[in-house]
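Notes for the one structure printed next.
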Amino acid sequence: MENQGPTGGLTPHLAIADKRASEAIDFYAKAFGAREQMRIPADDGVRLLHAHLLVNGASLMLHDEFPEYVSELSGKPDGVTLHLQVDDADAWFDRAVAAGASVVMPLDNMFWGDRYGQVKDPFGHQWSIGASIKGETE
């Protein structure tokens with residue numbers, strides 16, 4: 001039997017480099033409308049031990065990196081894309097870019113019926129943004 005939490009699903013958990021987790025929270029609020037649910041500071045009074053955000057109705061957890069607890073095999077964030085399926089891809093994409101995200105893949109109408117593009121946030125994480133193209137039918 002699979003162990004599903006009380007609500008099931010998957011929650012991305014990001015480690016933010018250079019003691020910038022608090023700055024990341026501010027960015028995600030501005031770029032993606034994130035709402036902070038919880039913030040726990042680390043004992044050192046500098047880093048953030050844990051934060052829980054809601055982005056587009058989904059949970060996102062993050063914390064500052066703690067190199068003293070990281071294995072040599074783990075490294076900087078890569079190979080991860082956080083996807084947002086939204087009502088208006090242009091509005092969400094433009095808001096992210098205005099907040100400081102860099103364009104990885106410009107928005108375009110895709111063959112699968114979404115308007116879709118990708119941005120990278122100032123902390124090295126890639127986000128894809130998509131919305132169904134209105135009026136499109138197969």
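The values are calculated or read from the model by the stated rules, or taken from the named source; none is laboratory data. Because the structure is a prediction, the values reported are computed rather than measured. Cβ placement follows ideal geometry from the backbone for every residue including glycine, while neighbour counts extend to all protein chains displayed.
Quick notes on this structure:
- Tally, over region 104-134, of residues that are of a type in the set (Phe, Trp, Tyr), in a strand (DSSP E or B) and more than 20 Å from Ala29 (Cα to Cα): 1
- Each residue in region 12-37 was checked for being at pLDDT below 95 and hydrophobic (A, V, I, L, M, F, W, C), and 4 of them qualify.
- Checking region 69-88 against the condition returns a match, with at least one residue being part of a helix (DSSP H, G or I) and at pLDDT below 90.
- So Glu65, is it at pLDDT below 90, among the charged types (D, E, K, R) and either on the phi > 0 side of the Ramachandran plot or surrounded by 15 or more Cβ atoms within 10 Å (Cβ to Cβ) (or both): yes
- Residue pairs meeting the criteria (Cβ under 6 Å; at least 6 apart or on separate chains; first over 16 Å from Ala96 (Cβ atoms), in region 106-128; second part of a strand (DSSP E or B) and charged (D, E, K, R)): Asn109/Arg115
- Scan region 89-115 for residues that are modelled with pLDDT of 95 or more and among the aromatic types (Phe, Trp, Tyr) and the total you get is 2.
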